[in-house]
Amino acid sequence: MTHILITGGSGFIGRHFCQQACQLGWQITVLSRNAKAAAKRLPEAVKVIESLENIPPQQQIHAVLNLAGQPLADGRWTQARKQVFYSSRIGTTEQLYHFFSARQQKPEVLISGSAIGFYGAGNADNQPVDESANSRDNFSHQLCSSWEQSAAKFEQLGTRVVCLRTGIVLGEEGALAKMLPAFKLALGGPMGDGKQWMPWIHIADMVALILHCIDRRNLSGAVNATAPNPVTNREFSVLLGQALSRPAIFTMPAPIVKLLFGEMGEELLLQGQKVVPRKLQDSGYKFQYAHLQHALAELV
Ligand SMILES: NC(=O)c1ccc[n+]([C@@H]2O[C@H](COP(=O)([O-])OP(=O)(O)OC[C@H]3O[C@@H](n4cnc5c(N)ncnc54)[C@H](OP(=O)(O)O)[C@@H]3O)[C@@H](O)[C@H]2O)c1
């Protein structure tokens, strides 16, 4: 039986993944800061621990899914919050590395988080961005790059490493849940000039592609976890409005976004590149939701 260790397993993506892995009959251990709270949100069969030391030395762990991280879009990026973004991601990955370095049995594969923010600053550039594209420096790039570098250390242990450069995950939580109230009141619309790309992924595909990456032994390194048809922020607003049968005409000018959200607004709301999932498609992954219209029709 496959045994998977998950950090951040109590979160949005992690909970969806745990449900699927349970159905497959996998053994699941979730590392959480609060085992009691996490257990309430997870299927009963999941074992929740607060320390890696709670894993018995003889117990085999075949795969690790590393998702832990302080949310980035919950407010302005102060210096203190930026430090927590780092410690919650890179700190957790290093903790995993030290744990497995000292263990005789190493995991076969590490699937570790990253984000489309890896590609850094960009706006309204229509060139498709695959995994070989150059990045442009900004805070998101530095954070993702450090996260990927800490995960890559697992290669020294003989573990295959996949870093998922994840787009905006669409489901009942996350970005869509934040947008819905305004759009339902017909107060939604594009941000800035609306030309920035918004690479997205349906939560069902997010779970399925993680399983695909665990399964495909020839997949490694950075993998763009985004649907094959990214849209601009303006297109996203129009399609969300249509899905809700509401107009989406209220634009939020860039200076207001910057004033309200600072650097976070500039990097996460006003910038975005046309990220495409080249490696997933080359490896034969078939998207359940390739078009945003289809994804939104299912979700809202
Ligand atoms: N959702 C998206 O659209 C998206 C897009 C790109 C990248 N990602 C990345 O993918 C990962 C999972 O996303 P998600 O949406 O499932 O996130 P989420 O719902 O915010 O869950 C993240 C989990 O990480 C743990 N965590 C939060 N703050 C932490 C801290 N300060 N220190 C240690 N652990 C902490 C929490 O687990 P416990 O409370 O149980 O410890 C939480 O359940 C995140 O790292 C995120 O940055 C997500």
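The values are calculated or read from the model by the stated rules, or taken from the named source; none is laboratory data. Source: prediction; values computed, not measured. Cβ sites come from the backbone with ideal geometry, for glycine too, and all protein chains shown count toward neighbours.
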Name every residue in the stretch 93-137 that is at pLDDT 95 or above and either at positive phi or in contact with a Cys (Cβ under 7 Å, 6 or more places away or on another chain) (or both), in order of residue number.
-> Ile111, Ser112, Ser114, Ala115, Gly117, Phe118
Is there a residue in the stretch 223-240 that is in a helix (DSSP H, G or I), surrounded by fewer than 19 Cβ atoms within 10 Å (Cβ to Cβ), of a type in the set (Gly, Ala, Ser) and in contact with a helix residue (DSSP H, G or I) (Cβ under 9 Å, 6 or more places away or on another chain)?
-> no
Could you look through the stretch 20-41, keep only residues that are near the ligand (Cβ under 9 Å from one of its atoms) and in a loop (DSSP other than H, G, I, E, B), and pick out the one that is surrounded by the most Cβ atoms within 10 Å (Cβ to Cβ)?
-> Ser32
From the list Lys286, Lys279, pick out the single residue that is crowded, with 17+ Cβ neighbours inside 10 Å and either in a loop (DSSP other than H, G, I, E, B) or within 18 Å of the chain's Cα centre (by Cα) (or both).
-> Lys279
Say we look at the stretch 53-88 and pick out the residues that are hydroxyl-bearing (Ser, Thr, Tyr) and without any contact (Cβ under 8 Å) to a residue 60 or more places away in the chain; which of these is nearest to the ligand (Cβ to nearest atom)?
-> Ser88
Which members of the stretch 74-113 meet the condition of being under 19 Å from Arg15 (Cβ atoms) and surrounded by 15 or more Cβ atoms within 10 Å (Cβ to Cβ)?
-> Ser88, Arg89, Thr92, Ile111, Ser112, Gly113
Residue set Ile256, Ile214, Ile249; condition of a type in the set (A, V, I, L, M, F, W, C) and not in a helix (DSSP H, G or I); output residue Ile249
Filter the stretch 170-196 down to the residues that are out of contact with any strand residue (DSSP E or B) (no Cβ under 9 Å at 6 or more places or on another chain) and of a type in the set (Asp, Glu), then identify the one that is farthest from the ligand (Cβ to nearest atom).
-> Glu172
How many residues does the stretch 133-188 contain that are part of a helix (DSSP H, G or I), among the basic types (Lys, Arg) and more than 18 Å from the chain's Cα centre (by Cα)?
-> 2
Please determine, by comparing only the residues of the stretch 4-19 that are over 12 Å from Ala45 (Cα atoms) and over 15 Å from the mean Cα position of the chain (by Cα), which one is farthest from the ligand (Cβ to nearest atom).
-> Ile4
Among the residues of the stretch 1-19 satisfying the criterion of being part of a loop (DSSP other than H, G, I, E, B) and in contact (Cβ under 8 Å) with a residue 40 or more places away in the chain, which is surrounded by the fewest Cβ atoms within 10 Å (Cβ to Cβ)?
-> Thr2
Going through the stretch 53-63 one residue at a time, which ones are outside any loop (DSSP other than H, G, I, E, B) and either small (Gly, Ala, Ser) or under 23 Å from the mean Cα position of the chain (by Cα) (or both)?
-> Ala63
